[in-house]
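Working notes for the structure below.
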Amino acid sequence: MSRDRDLLSVTGLVKHHHSTGGKVRAVDSVSFRVATGETLGLVGESGCGKSTLGRTLIRLHEPDEGSIVFDGMDITHLGRRALRPVRRHLQMVFQDPYASLNPRRSIEQILAEPFEVHAVGDRLDRRERVRALLARVGLRQDHAGRHPHEFSGGQRQRIAIARAIALEPKLIVCDEPVSALDVSIQAQIINLLRRLQRESGLSYVFISHDLSVIGHLADRIAVMYLGEIVEIASRSALWREPLHPYSQVLFSAIPIPAAPSQPRRHRVAMVGEPPSPIDPPSGCRFHTRCPYAMPRCREETPRLGTLSDGDDAQRRIACHLYEVE
């Protein structure tokens with residue numbers, strides 16, 4: 001698979017929600033890219049805006065500002081009709097497969113729907129395509145006549161994945177797709193996603209709060225805090241040495257026992273609860289919980305930039321502790 005060009009390029013993306021308490025700054029000036037065949041992991045605490053970002057990427061939410069360029073086309077404000085042919089190449093797998101599958105329809109009807117919407121094949125052809133999809137995700141052909149409630153959580157997620165890959169998409173946004181599953185089933189679903197990526201050259205934006213899961217799938221990892229991305233780096237670089245204080249907190253919390261020959265992992269403590277996204281702190285949004293906060297952090301918002309003396313050309317960070325370009 002080729003990773004010579006960006007399949008997805010996001011610049012200054014903003015999505016705010018309006019509530020009775022005020023404006024919720026769910027996604028605030030987010031920028032990143034995803035190359036063809038790459039998996040970008042997106043991590044952060046619950047409520048940091050990960051799911052809102054994922055839904056905005058595929059235009060389930062309308063962006064307020066910024067741009068989304070997918071496969072060379074600016075889709076930020078495409079109308080419904082113009083967006084329709086793009087949707088077959090841009091799909092999503094949701095956290096709860098039962099909620100995303102119509103309980104009144106059979107699995108065959110659910111999996112045939114993408115072909116019907118996009119006028120692909122006739123009735124017999126669609127039936128064969130459904131059988132092929134079930135086989136690709138490790139389910140039997142006789143499962144086609146059943147309904148979602150007759151399956152386990154892991155099987156339902158396989159069905160949701162089958163629906164997502166039906167039209168041979170280029171990018172799939174996976175929003176916590178294994179968080180509701182047992183650990184053994186999580187591994188099966190992750191292995192399925194990796195196999196499908198190898199077979200079809202898929203790109204993923206994989207959203208999770210579990211860094212152990214992200215570590216098995218992602219090529220690069222973006223760390224999100226209170227609507228903003230604070231660090232992006234290759235998986236190996238971030239695993240070896242997270243630089244942003246918030247990244248350090250997340251990675252130090254991973255329960256990985258150290259080998260006797262290895263030094264113990266340095267633990268970084270974080271205090272308090274995340275501030276409200278309706279009224280985020282001025283300056284660096286993490287400064288109220290950061291063990292290294294300086295007066296500058298309370299007044300000046302750090303810019304997400306490339307480390308001037310870093311050894312990882314892919315790493316970008318937003319922190320006043322570092323000089324960035």
What's the number of the condition Thr36 fails, among (1) under 30 Å from Ala253 (Cα atoms); (2) out of contact with any His (no Cβ under 6 Å at 6 or more places or on another chain)? (1)
Give the residues of the range 157-170 that are among the hydrophobic types (A, V, I, L, M, F, W, C) and assigned to a loop (DSSP other than H, G, I, E, B), sorted by residue number. Ala166, Leu167
Which pairs turn up if I take residues in the range 37-52 that are over 12 Å from Leu211 (Cα atoms) and touching a residue at least 40 places away in the same chain (Cβ under 8 Å) and look for partners that are assigned to a loop (DSSP other than H, G, I, E, B) and among the charged types (D, E, K, R) with beta carbon separation below 6 Å, at least 6 apart in sequence or on another chain? Gly37/Arg3; Glu38/Arg3; Glu38/Asp219; Thr39/Asp219
Quick check on the range 225-248. Is at least one of its residues in a loop (DSSP other than H, G, I, E, B), in contact with a strand residue (DSSP E or B) (Cβ under 6 Å, 6 or more places away or on another chain), of a type in the set (Asp, Glu) and modelled with pLDDT of 90 or more? no
Among (1) modelled with pLDDT under 90; (2) surrounded by fewer than 18 Cβ atoms within 10 Å (Cβ to Cβ), the one test that Phe251 misses: (2)
Single condition Val178 does not satisfy, out of (1) in a helix (DSSP H, G or I); (2) within 29 Å of Lys50 (Cα to Cα): (1)
For the range 119-142, how many residues are more than 24 Å from Leu202 (Cα to Cα) and crowded, with 18+ Cβ neighbours inside 10 Å? 0
Any chance the range 60-72 includes a residue that's modelled with pLDDT of 95 or more, in contact with a Leu (Cβ under 9 Å, 6 or more places away or on another chain) and of a type in the set (S, T, N, Q)? yes
Under the condition of being free of Cβ contacts under 8 Å to residues at least 24 places away in the same chain and among the β-branched types (Val, Ile, Thr), which residue from the range 99-134 is farthest from Ala166 (Cα to Cα)? Val117
Of the conditions (1) more than 15 Å from the chain's Cα centre (by Cα); (2) on the phi > 0 side of the Ramachandran plot, Gly227 clears all except one; give me its number. (1)
Screening Gly215, Gly154 for residues that are assigned to a helix (DSSP H, G or I), small (Gly, Ala, Ser), under 23 Å from Ser106 (Cβ atoms) and touching a helix residue (DSSP H, G or I) at 6+ places or on another chain (Cβ under 7 Å) leaves only Gly154
Given (1) surrounded by fewer than 19 Cβ atoms within 10 Å (Cβ to Cβ); (2) closer than 30 Å to Lys15 by Cβ, identify the lone condition not met by His149. (2)
Whether any residue in the range 127-136 is assigned to a loop (DSSP other than H, G, I, E, B) and not acidic (Asp, Glu) is what I want to check. no
Would you confirm whether or not the range 191-202 contains a residue that is crowded, with 19+ Cβ neighbours inside 10 Å, within 20 Å of the chain's Cα centre (by Cα) and not in a helix (DSSP H, G or I)? yes
Could you grab me the full set of residues in the range 172-188 that are surrounded by fewer than 22 Cβ atoms within 10 Å (Cβ to Cβ), of a type in the set (A, V, I, L, M, F, W, C) and over 15 Å from His209 (Cα atoms)? Ile185, Ala187
Can you give me the ranges of the helices (runs of 4 or more DSSP H) entirely in the range 1-118 with at least 1 residues that are surrounded by 16 or more Cβ atoms within 10 Å (Cβ to Cβ) and of a type in the set (Gly, Ala, Ser)? 50-57, 97-100, 107-117
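The values are calculated or read from the model by the stated rules, or taken from the named source; none is laboratory data. All values reported here derive from a predicted model rather than from experimental measurement. In this analysis, Cβ positions are derived from the backbone assuming ideal geometry, glycine residues included, and neighbour counts consider all displayed protein chains.
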